[in-house]
Amino acid sequence: MIRKNLDILDQTIREICTNCGRDPKEVQLIAVTKTHPEETILEAYDAGLRNFGENKVQELVPKMEKLPDDIIWHMVGTVQTNKIKDLAGRVDWIHSISKVKYLKELEKRAARVDRIIRVLIQVNISGEDQKSGCEPEDIAEILTYAAGLKQVTVHGLMGMASLTSDRDVIREQFRTLRLLRDEHRRFEKENIRLDELSIGMSGDYDIAIEEGATMIRLGTSIFGARDYHV
């Protein structure tokens, strides 16, 4: 089923890109494995996927330890300062940096294991209190601090749209994030290159691609509905 779903996704992404004048190679698929067991992840791995994402540190850490070394791991859920130490030794990307204190802790932990970790700044584009992310006016402060880091590189922005059926609202929020990314390119330095835009999940990735997504975070479209009793 997973291989079939991936074939369908590949064709769909190609069609969306063709219709909006983009190269499909510009869009990286991140398979979000929340609640899915290692056997399921290996099935996707055997189908050719290498970029996998997790929402929770307690799920991500054992998977990073047990699954193949060439998997590129993305932490896409909310981070906490006291959990960063568990990520620094293996995670490749953290999409959810929203405060300077997380960068400070990540720099310290990454230096101890001599690793470079790539991050995205998460911005609250929905305006909903329950959504994580910094406010748009905080991006400059975070990027200014990041410019002095040696173990952390910033590659773009991440955002989550409102949970709504109004696709015009979703499109406007994704567009807002793209414009914020472009506006803050003036902060680019050696370790800050704002090329990535991590937006779009299984219900809205078509809009995300049309609005410039370079990373889409899909779970259900690949693995089917989650078993919340796992």
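The values are calculated or read from the model by the stated rules, or taken from the named source; none is laboratory data. It should be emphasised that the depicted structure is a prediction, and the values quoted were computed from it without experimental measurement. Here the Cβ is made from the backbone with ideal geometry for all residues, glycine too, and neighbour counts use every protein chain on show.
Quick one: which residue in K104, K108, K63 is part of a helix (DSSP H, G or I), basic (K, R), at negative phi and touching an Asp or Glu at 6+ places or on another chain (Cβ under 7 Å)? Give the derivation first.
Values: K104 fails: touching an Asp or Glu at 6+ places or on another chain (Cβ under 7 Å); K108 fails: touching an Asp or Glu at 6+ places or on another chain (Cβ under 7 Å).
Criteria check complete, one pass: K63.
Report, by residue number, each residue of region 66-85 that is assigned to a helix (DSSP H, G or I) and either at pLDDT below 95 or surrounded by 16 or more Cβ atoms within 10 Å (Cβ to Cβ) (or both). Give the steps one after another, and end with the answer.
If we filter region 66-85 for residues that are assigned to a helix (DSSP H, G or I), which is where we start, we get 66, 81-85.
Answer for region 66-85, where residues must be assigned to a helix (DSSP H, G or I) and either at pLDDT below 95 or surrounded by 16 or more Cβ atoms within 10 Å (Cβ to Cβ) (or both): K83, I84.
For region 160-177, enumerate the residues that are acidic (D, E) and part of a helix (DSSP H, G or I).
Of all residues in region 160-177, those acidic (D, E) come to 166, 168, 172.
The answer is D168, E172.
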* Do any residues in region 88-110 that are over 15 Å from Y145 (Cβ atoms) have Cβ atoms under 6 Å from those of residues that are part of a helix (DSSP H, G or I), where the two are at least six apart or on different chains, and which pairs are they? -> A88/R109; A88/A110; R90/M64; R109/I84; R109/K85
* Go over the candidates L180, L157 one by one and state the one that is outside any loop (DSSP other than H, G, I, E, B), in contact with a Pro (Cβ under 7 Å, 6 or more places away or on another chain), buried (at least 17 other Cβ atoms within 10 Å of the Cβ) and modelled with pLDDT of 95 or more. => L180
* Identity of the residue in region 1-10, among the hydrophobic types (A, V, I, L, M, F, W, C) and assigned to a helix (DSSP H, G or I), that ends up nearest to E196 (Cα to Cα) -> L9
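Could you list all residues from region 11-35 that are hydrophobic (A, V, I, L, M, F, W, C) and either surrounded by 17 or more Cβ atoms within 10 Å (Cβ to Cβ) or assigned to a strand (DSSP E or B) (or both)? Let's see the steps before the verdict.
Our first condition is that a residue be hydrophobic (A, V, I, L, M, F, W, C); within region 11-35, this holds for 13, 16-17, 20, 27, 29-32.
Scanning region 11-35 gives I13, I16, C17, V27, L29, I30, A31, V32.
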* Asked: Of the residues that make up region 122-131, is at least one outside any loop (DSSP other than H, G, I, E, B) and buried (at least 19 other Cβ atoms within 10 Å of the Cβ)?
  -> yes
* To do: Would you point out which residue out of V169, V123, V152 is farther than 19 Å from K34 by Cα, of a type in the set (A, V, I, L, M, F, W, C) and in contact with a Cys (Cβ under 7 Å, 6 or more places away or on another chain)?
  => V123
* Being part of a helix (DSSP H, G or I), under 18 Å from Q122 (Cβ atoms) and either hydroxyl-bearing (S, T, Y) or modelled with pLDDT of 95 or more (or both), is that true of even one residue in region 36-56? -> no
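Within region 183-215, work out how many residues are aromatic (F, W, Y) and either assigned to a loop (DSSP other than H, G, I, E, B) or touching a strand residue (DSSP E or B) at 6+ places or on another chain (Cβ under 7 Å) (or both).
Going through region 183-215, the residues aromatic (F, W, Y) turn out to be 187, 205.
Filter again for either assigned to a loop (DSSP other than H, G, I, E, B) or touching a strand residue (DSSP E or B) at 6+ places or on another chain (Cβ under 7 Å) (or both), leaving 205.
Adding up the residues that qualify gives 1.
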* To do: Would you mind finding the one in K99, K131 that is under 27 Å from Q173 (Cβ atoms) and in contact with a strand residue (DSSP E or B) (Cβ under 8 Å, 6 or more places away or on another chain)?
  => K99
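Quick check: anything in region 36-58 over 23 Å from S221 (Cα atoms), surrounded by fewer than 16 Cβ atoms within 10 Å (Cβ to Cβ) and not basic (K, R)?
From region 36-58, those over 23 Å from S221 (Cα atoms) are 58; that's our starting set.
Among the residues that remain, those that are also surrounded by fewer than 16 Cβ atoms within 10 Å (Cβ to Cβ) are: 58.
Next, from what is left, pick out any that are not basic (K, R): 58.
Yes - at least one qualifying residue is present in region 36-58.
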